[in-house]
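The values are calculated or read from the model by the stated rules, or taken from the named source; none is laboratory data. No experiment lies behind these values; they were computed from the predicted model shown. All Cβ positions, glycine included, derive from the backbone under ideal geometry; neighbour counts span all protein chains shown.
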Amino acid sequence: MSDITLPPRNRYTDLLHRIWTNERVWLFCAGLLAVLFIFNPPQAISSAQFAVQNLLNVGPFLILSIGIAAYAGATGADGLIARAFTGSPAVMIVIAALAGGLSPFCSCGVIPLIAALLAMGVPLSAVMAFWLASPVMDPSMFLLTTGVLGVEFAIAKTLAAVGLGIFGGIVVHAMGKVGGLTDPLREGVGNGGCGASKVRSVQPVVWKFWQDDARVTKFWREAVKTTLFLAKWLTLAFLLESLMLAWVPAELITSVLGGAGFAPIGLATLVGVPAYLNGYAALPLVGGLMGQGMAPGAGLAFLVAGGVTSLPAAIAVWALVKKPVFLLYVGIALVGSLTSGILFQLWVTL
């Protein structure tokens, strides 16, 4: 019998567990593509190209937002940002909702900023207000919506974005007062609730952080960590979205959402969650549906609900926050979208 001592079995088990825990998203993406290559090679190629192209499209927003978050952490400016969100909760919520409606970040690009704000100890109510409003409207989306659906619809969508943010912030603030929604980030994302100390104590800001090796190291560590985190979840999201676009015909969406009245508004709110394409592709679809008789309120509800809970955004949110916060995020989006659709329909019919 050999005298060589074999490594303990649990060492391999622990290794496999760490690989599965840290890389299961990449493993699932690879497995999904492998299955597609076996049974449907053209779709596998199309899905891979779709994912790469969309990652390139959101790349500038991701680089900007990741860079801002990493810079704030390396310089110590994150404490100043966090302190800017202190004060009256009502004022914070309104300002955050307005900032979200005017920000140029897409629903995916805003994720690292949200993680940084939560890690700094910024109240979840203000963060949620910004989070909900940001993906619905931005300056370029306003212009495009005006061109496709008209200025009245663009204004209504802007008001819906800000209103949804304020509504979400108020709901979260009310729940927080009774002791809920503490420490919203998942384990391993950001610094959890420990960042609240940056709000309580003022630390000097080193704007030229590149002169300090430790701060440079921190900058790159946070940037790489956030980039890898987002890359794996967005890759999965875009792969799934490509399959939805390939296997869920646009004609089916048209037939389901067509028609006038208030009933389609509720249906459009629910269908908008899984069927939403992206902010730009959805506009001509809604324009076509409204041309076929769909109620304007249903079109608005579809755009708002889909914008907030689009597949890439929802998966990124799921990876970022704990389940109760995610469910609250989806619930607020649905209720707010339905309400905005009904109010817009009432305004149109007056």
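Please indicate, with yes or no, whether at least one residue in region 117-135 is touching a His at 6+ places or on another chain (Cβ under 6 Å), at pLDDT 75 or above and part of a helix (DSSP H, G or I).
Taking every residue of region 117-135 in turn, at least one turns out to be touching a His at 6+ places or on another chain (Cβ under 6 Å), at pLDDT 75 or above and part of a helix (DSSP H, G or I).
Would you point out the residue of region 86-114, among those that are buried (at least 24 other Cβ atoms within 10 Å of the Cβ) and either assigned to a helix (DSSP H, G or I) or modelled with pLDDT of 70 or more (or both), that is farthest from the chain's Cα centre (by Cα)?
Filtering region 86-114 for residues that are buried (at least 24 other Cβ atoms within 10 Å of the Cβ) and either assigned to a helix (DSSP H, G or I) or modelled with pLDDT of 70 or more (or both), the one farthest from the chain's Cα centre (by Cα) comes out as I93.
Among the numbered criteria (1) part of a helix (DSSP H, G or I); (2) at pLDDT below 85, which one does V172 miss?
Going through (1) part of a helix (DSSP H, G or I); (2) at pLDDT below 85 one by one, V172 breaks only (2).
Looking at (1) modelled with pLDDT under 90; (2) touching a Pro at 6+ places or on another chain (Cβ under 8 Å); (3) not charged (D, E, K, R), which is the only condition G147 fails?
In the conditions (1) modelled with pLDDT under 90; (2) touching a Pro at 6+ places or on another chain (Cβ under 8 Å); (3) not charged (D, E, K, R), G147 misses (2) alone.
Conditions first: (1) on the phi < 0 side of the Ramachandran plot; (2) modelled with pLDDT of 80 or more. R83 passes all but one, so which condition is the exception?
If we test R83 against (1) on the phi < 0 side of the Ramachandran plot; (2) modelled with pLDDT of 80 or more, just (2) comes out false.
Specify the residue that is farthest from the chain's Cα centre (by Cα); the eligible residues are those in region 139-160 that are buried (at least 22 other Cβ atoms within 10 Å of the Cβ) and within 14 Å of G297 (Cβ to Cβ).
Taking the candidates together, the pick is F153.
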